[in-house]
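**Student:** Right, I'll just put the structure down here and ask away after.
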Amino acid sequence: MLTSFIEGLLCCLTSKPANTVVPVETSEPADGYEFVEVKPGRVLRVRHIIPDRPAVEEPSLGGIVSCKRKITVYRNGQLFIENLGERASAELKTCQNGETEPNSTVEVELTDCRNSSPPVSIPEARKPKRTVVIDCERRIAACKGTHSDVALFFIHGVGGSLDIWGSQLDFFSRLGYEVIAPDLAGHGASSSPHIAAAYTFYALAEDMRLIFKRYAKKRNILIGHSYGVSFCTFLAHEFPDQIQKMVMINGGGPTALEPSLCSIFNLPTCVLHCLSPLLAWSFLKAGFAQQGSREKQLLKEYNAFNVSSFVLRAMMSGQYWPEGDEVYHAELTVPVLLVHGMHDKFVPVEEDQRMAEILLMAFLKVLEDGSHMVMLECPEAVNTLLHEFFLWEPVTLPPPKKEPKARPETAKPQTDNTSEPAMVRPATARQT
């Protein structure tokens, strides 16, 4: 604590950054680690594992899901969603919120992310401000490790690094999946520009877009944690045909990003550096269900919260993304698995429940023993959930059989002595 205070004081006196992030030394520099220059002078560390597949299996056809919904935004700030899908989407809807009706509606206030009630009627006085109609079909199939056209992308959040995905990367690469996990700029072993504009949402999203284009396969699955969920959502909008499925781990509600004006992260960098031990302790308390020696070791070993004060301040101040509102999320047609740690003090469970209500196809799973860093606390449970979701494919019910129309009975042909052909009349016709 004393060292942090002295360094912070020197920062204030010299007007230099309190601490600088340098590439973290890795004990396995050749174990799938690459350094990608996304822009001149902007280098990201990426862990890319291409497994040796003893056998390659052809992917199944899967099932076709009808993605039909009408999204209406009214001038009073209400969002009205009509789900119009049939059969397969009804089966998915049951997993989302327990409803069994294939055609359902959702009406919510855009300003209140926790209030959702079924609509009774739509007053004529409300005038639509914006209407979005989605009418498409998606073919969703199981994604196995033996499928060479599948790639998994893991994106971490603020303060972390690709190391938090260690258990997942090892688990899925052993199953034959190709995995890609980048360090965000200023995190892990990626370069750290000394300019706040390098850490805005749009700058980081562009990095992720370039990384995705570099490593993407035909079918890709995005896995995001916390702030990383926003980048996954961005990519799902940018590349809808290439994203097969998506996983949101403690990502929060479907709200537009806007930095808080009254936040501790608005303090000067040198002050934040002085408070760094307190911030680390707060992260341990809020991010883990337990605060024992095991959790402290996980926090340190996996670089779960290891970032400079300058980068931390710039990251929190740069979370401006007005496009990422509820309508933006409601437009997604990709199936989504939401994983939430019950003891998470950063993201309340109500926010993930809200996200599940807005999304077209969503499965919400709550782990009672986990918190914000649930992938570190419960790696086996998280790996199992993810793998089951990767293998899931919808069962498309066959269309109802059409009953054959009853043919009208006919009268027996009558024979006369004339050369005219016999006439066939319905039995109900009057004989003359």
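The values are calculated or read from the model by the stated rules, or taken from the named source; none is laboratory data. No experiment lies behind these values; they were computed from the predicted model shown. In this analysis, Cβ positions are derived from the backbone assuming ideal geometry, glycine residues included, and neighbour counts consider all displayed protein chains. The area values use the complete protein model at the heavy-atom level, side chains included, leaving out ligands, DNA and RNA. Shrake-Rupley method; radii C 1.70, N 1.55, O 1.52, S 1.80 Å.
**Student:** How large a share of the accessible area of region 140-391, in percent, is made up of carbon and sulfur atoms when the probe is 1.4 Å and the other protein chains stay in place? Intermediate results must be reported in sequence, preceding the final value.
**Tutor:** On the way: 4590 of 8500 Å².
In region 140-391, the share of accessible area belonging to carbon and sulfur is 54 percent.
**Student:** Could you give the alpha-carbon Rg of region 264-377 over 2.2 N^0.38 Å, rounded to two decimals?
**Tutor:** Working: Rg = 16.5 Å, N = 114, 2.2 N^0.38 = 13.3 Å.
Output field value: 1.24.
**Student:** Next up: Do the alpha carbons of any pairs in 70/144; 127/245; 39/218; 144/213; 213/345; 245/296 sit beyond 30 Å of each other, and which pairs?
**Tutor:** Numbers: 70/144 33 Å; 127/245 35 Å; 39/218 25 Å; 144/213 21 Å; 213/345 34 Å; 245/296 33 Å.
Over 30 Å Cα-Cα: 70/144; 127/245; 213/345; 245/296.
**Student:** Can I ask one more? Using only alpha carbons, build the gyration tensor for region 140-391 and give me the equivalent ellipsoid semi-axes, biggest first, whole Å. Working shown, then result.
**Tutor:** On the way: eigenvalues 143, 84, 66 Å².
In descending order, the three semi-axes are 27, 20, 18 Å.
**Student:** What is the packing order of peptides 66-74, 369-377, taking the mean over residues of other C-beta atoms within 10 Å and listing the highest first? If you can, show how the numbers build up before the last one.
**Tutor:** Details: 66-74: 19.4, 369-377: 24.3.
Ranking the peptides 66-74, 369-377 by packing returns 369-377, 66-74.
**Student:** Compute for region 171-236: radius of gyration divided by Kirkwood radius, i.e. Rg/Rh, restricted to C-alpha atoms, rounded to two decimals.
**Tutor:** Values: Rg = 12.9 Å, Rh = 13.1 Å.
Here the Rg-to-Rh quotient is 0.99.
**Student:** Just subtract the alpha-carbon distance of residue 144 and residue 34 from 0.36 nm times their residue separation and send over the number in nm, one decimal. Don't skip to the answer; put the middle values down first.
**Tutor:** On the way: separation 110, 0.36 × 110 = 39.60 nm, distance 2.47 nm.
Full extension from residue 144 to residue 34 adds 37.1 nm.
**Student:** Right, here's the next one. What residues have an amide H closer than 5 Å to that of residue 34, excluding those fewer than 5 places away on the same chain, when H is modeled at 1.01 Å from N in the peptide plane?
**Tutor:** Residues meeting the amide H criterion: 46, 47, 48.
**Student:** Ranked highest first by average number of other Cβ atoms within 10 Å, how do 37-46, 231-240 line up? Don't jump to the answer; show the numbers that get you there.
**Tutor:** Working: 37-46: 16.6, 231-240: 20.9.
Packing order, densest peptide first, comes out as 231-240, 37-46.
**Student:** For region 140-391, calculate the relative contact order in percent as a whole number, restricting contacts to Cα pairs under 8 Å that are 6 or more residues apart. Working shown, then result.
**Tutor:** Details: 472 pairs, mean separation 61.3, N = 252.
Computed value for region 140-391: 24 percent relative contact order.
**Student:** Right, something else. In terms of modelled amide H atoms, which long-range or inter-chain residues lie less than 5 Å from the amide H of residue 338?
**Tutor:** 248, 363, 364, 365
**Student:** Also: With every protein chain left in place, what is the accessible area per residue of region 140-391 in square angstrom, probe 1.4 Å? Numbers along the way, then the final one.
**Tutor:** On the way: 8500 Å² over 252 residues.
That works out to 34 Å² per residue.
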